[in-house]
Each structure stands twice: as C-alpha cells, then as structure tokens.
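Asks: Let me begin by handing over the structure; questions about it come next.
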Amino acid sequence: MSIQAEYVVIGAGPAGLAAAGFIAKAGARVAVFEGRPRPENVFGSYPVVLNARGLAALESLDPAVVAKAKEIGLSVKELHIVPGNRTVAKVPTYGTCIMRDQAAQVLLESAEAQEKISFFWDHKLTGIDFETHTCTFELPDGSKKTVVAQRLVAADGNRSRVRRLCQEHVADFSAEADDWGFQLRFMNSKGVDGQTEVSPDTHFVLGDKGYVCLQPNGEWSISLRVLPESDEEFITGEEATDANVQKLKEYVQTHAKFVADNLLDDEAYRKYYDCRAFGGVVVKCSCLNPAGWICLIGDAAHAVQPATGEGINSGLEDASVLGAALKEHAEDPFAAFDKQQRPNAYALQKLALEAKDRVTQPPPRQQAVNVMVTIGLAMAKKLHIIEGTKQDFMLGEKAQSMGVKSYDELVSMDERQTSKIRPIANALATIFRVPKEHPQAQKQS
C-alpha cells in the first residue's frame, strides 16, 4: 500500500488528531491510522477539562478549534474539594468541560478539511519492521496491509501497541507501565428538577471517593472510585439488586450528600451496575524518540490518571511542541521533541504517582502529613509567601492569569515549597502517634 505522506500517525484520539494538524500546518503530508471506525457517539465517552495548557495548544493550532470547543463545552469556574460531606477548599478554576470524544470530533472536523491529512479507519496496527520502517495493519475482513513510514508518531493510548513493539525490538528503550491501583465507574443523571444547590460551573472532588461535574449534554456525571480487591460488593458488583442499590444510596449519602439529594434518582443508581469499571496505567518511557524515526506522544508517552486532570492537556501540548520542532528542527524534529518533553514526561509521572497515593487510601500517617502540607501551603499562599501551588498552575486560574508552567517547573516548585513543611508535618504525625499503617495491616503483621 503506497501513501503520499512523510508522516504516519497511529491513533485518532485528541493527541493524534492535534499532531496531524500541527504536522500539516508545518507543511508536511500526514496519514492517520486508527483501529476503530470513524467515531459517531461523542457522548459515549467521558468528561474532561481543557485547562489553560490544553486551550493554549489548541489556540496555536487554530483559533477556530478553540472557539468551537468553548462553544460546545461548559465553562468551569471553581473546583470544590468535598471529602466526607465537608467542603475544605474552593479553588478558582479556568477551563472548559467537554466530552473527550467531543474534543476529538472538533479536531477531526478541522483535520478532515486539510488537504495534507488523509485518514485510514478500521486499520489496526499489528506489527512494525524496524529495519524497513514498515507498519502492518489488519482490516475488519482479516486482510493485511503494509505501509512504509518515513517518520511515525505514536498516539495510540496508554496501552500503546507502538510502545510495546519498541520495547521488544529497540535496543536501550524501556518503559514502565504501573496500574492505577483503582478503577472508575460512572452514574449519569439529569438531576432533580429545579435544584439550585449544585452549580453547573463548579466541579467537585469527593476526597478519594470520586468526582462530580455537569456534562455539556446537561447530564451530571458522578464517577466513583473502585478498589476491586477491597471494596464491598455494592461497589464492585454488576447486579442491581435491591440490597446493592440501597447500600450504594447510603454510601453516596455518607460521602456526597449534596449529590444524593440533588442529582441522583433510583434509575441512576441502578444504571451504575450497567457501567463497566475501567482502569489504566501510569507510563514512563526511557525516551520519547525510540529508534529515531518514531515519536511517542500523549498517553503512549506518559499516561497519567484522572486525578491529575492533565491527560488530554499534556497530549495536546505534546502535539504543539512537536509542531514547533518540525519548523525549528526539520533535520531531526523527534530528537528536539524528546529533549524538550522528556523532563516534563518524567515530571508528569511523578505528579501521577502522587495523585494515585491520594486516591488509593494511603496509610493514616501519610494522609495526616498530606493534609498538614496542604494546610501549610494554603497559609503560605494567603500570607503571600508563595505565588501559588502546583494545582493553581494546572486546573487553577493562575495558569491563565500568570502563564502556563512546564510540568518540570511545577514539580521543582512543589519540592521547594514543601521542603520545610513536609519534615515538620512528619514530626508532628510522629509525636501524635498517627499510625504508619492501616489498622487492618497492623493486625495482620
């Protein structure tokens, strides 16, 4: 199969579509291969927030894309942290809530209007010959097609086939893929008629229990964290028995009463059991340009987990950086991309693992230390000792008002800010004899 393209992109998600747009904008031809059919149901996906980082990347691609995303999405103005029915923080926020596949659809429509971009749907990558740069694809009828790629951009998700093939065949390339340690399940509901207590422009973090937001189609999305190995049947089960539904209602009342009272009805609780739990992995690669002619971007390069809020945004930023590398380092854009983005990919992994610890029930002492550090940073911010925390420059509005910081800068800033607070918090937790382990683990030992 002969294609007239200098670049092949594997994966037609937001990162891959944005990358195709930036490659075409740089003047090159690009062919996009996707294993699925062309998507139709954008509300079959999940809500994401385009923050200042993601919106800036889209703006640099095409202002019309940003305008369309904002038109169909919903403005997010505040993020409330609500563990155990207690609002402990209200964070000014800047972003646009949109379904993940809606964002992809906006990018797809823009890309399909470009003469330099061609699409090949229902082409599932099965293998790569690294010596000849030949990619083999399987079609729905079982037939195979091969394509020679001068340069290949892998945007095929957190379980990237390209990344796995590179691990098997590229010397000195390695990748870590650590399970999230939890899963997510969703409930959707139109909400109680006339309710005004839950604001549509506010998102809610239910401590380590879940997340609540309004989708652009007017339905509320309530995601609940699932720990398959330890949660009870009413959380992990698949049958909407009366007993399971009743326990689920009590669970939501305990951890998110405002959701139970204003957003959910009996049907929403029962449909929870129709929603398959899904998980993911946190990825770290030894480099982002394995074999020289391949470039890993988005989740293929540095998959995170939902609590960071950076999955789609980091992928869009990758595409923007790649586009700049094509213009400024035409002789080897992938090496330039790796040099700039590898430190940020490593920083993202660190942010993701920290977020994982907050979601997967860390030991009591670690929880206490984290709370004290958070309080200490909040006090330092109020006293103008620090300009803001890493969260303020991610989903917070400071990223829009003061400028987007790289992930590497955010991690370094956080390490400086907590270098004195964390040891004090650890000392206080020790003095007050906060347990190092969960009570159940202590009994077993």
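The values are calculated or read from the model by the stated rules, or taken from the named source; none is laboratory data. The structure displayed is predicted, hence computed values, not measured ones. Please note: Cβ atoms are built from the backbone with ideal geometry, for glycine as well, and neighbour counts cover all protein chains shown.
Asks: Just to be sure, is Thr241 in contact (Cβ under 8 Å) with a residue 12 or more places away in the chain, surrounded by fewer than 16 Cβ atoms within 10 Å (Cβ to Cβ) and among the polar types (S, T, N, Q)?
Replies: No.
Asks: Of (1) part of a loop (DSSP other than H, G, I, E, B); (2) more than 20 Å from the chain's Cα centre (by Cα); (3) basic (Lys, Arg), Arg159 satisfies all except one. Which?
Replies: Evaluating Arg159 over (1) part of a loop (DSSP other than H, G, I, E, B); (2) more than 20 Å from the chain's Cα centre (by Cα); (3) basic (Lys, Arg) leaves (2) as the failure.
Asks: Filter the range 285-316 down to residues that are of a type in the set (Gly, Ala, Ser) and on the phi < 0 side of the Ramachandran plot and give me whichever is modelled with the lowest pLDDT.
Replies: Ala307
Asks: Also, quick follow-up: Looking at this structure, is Thr389 polar (S, T, N, Q) and in the same structural domain as Leu165 (by TED's automatic domain parsing)?
Replies: Details: polar (S, T, N, Q): yes; in the same structural domain as Leu165 (by TED's automatic domain parsing): no.
In short, no.
Asks: Please go through (1) buried (at least 20 other Cβ atoms within 10 Å of the Cβ); (2) assigned to a helix (DSSP H, G or I); (3) within 25 Å of the chain's Cα centre (by Cα) for Leu326 and return the number of the only condition it doesn't satisfy.
Replies: (3)
Asks: If the requirement is being touching a strand residue (DSSP E or B) at 6+ places or on another chain (Cβ under 7 Å) and surrounded by 13 or more Cβ atoms within 10 Å (Cβ to Cβ), which of these qualifies: Asp156, Asp122?
Replies: From the options Asp156, Asp122, the qualifying one is Asp156.
Asks: For the range 281-288, indicate whether the set of residues that are among the aliphatic types (A, V, I, L, M) and more than 26 Å from Gly95 (Cα to Cα) is non-empty.
Replies: There is at least one residue in the range 281-288 that is among the aliphatic types (A, V, I, L, M) and more than 26 Å from Gly95 (Cα to Cα).
Asks: Quick one: count up the residues across the range 189-225 that are assigned to a strand (DSSP E or B) and either surrounded by 18 or more Cβ atoms within 10 Å (Cβ to Cβ) or in the same structural domain as Cys285 (by TED's automatic domain parsing) (or both).
Replies: 15
Asks: Quick test of your reading of the structure: Leu74 fulfils all but one of (1) in contact (Cβ under 8 Å) with a residue 60 or more places away in the chain; (2) in contact with a Lys or Arg (Cβ under 9 Å, 6 or more places away or on another chain). Name the failing condition by number.
Replies: Here Leu74 clears every test but (2).
Asks: Being in contact with a helix residue (DSSP H, G or I) (Cβ under 6 Å, 6 or more places away or on another chain) and either in contact (Cβ under 8 Å) with a residue 40 or more places away in the chain or within 18 Å of Ile222 (Cα to Cα) (or both) narrows it down to one residue among Ala57, Ala69, Ala64, Ala89; which is it?
Replies: None of the other options fit; the residue is Ala57.
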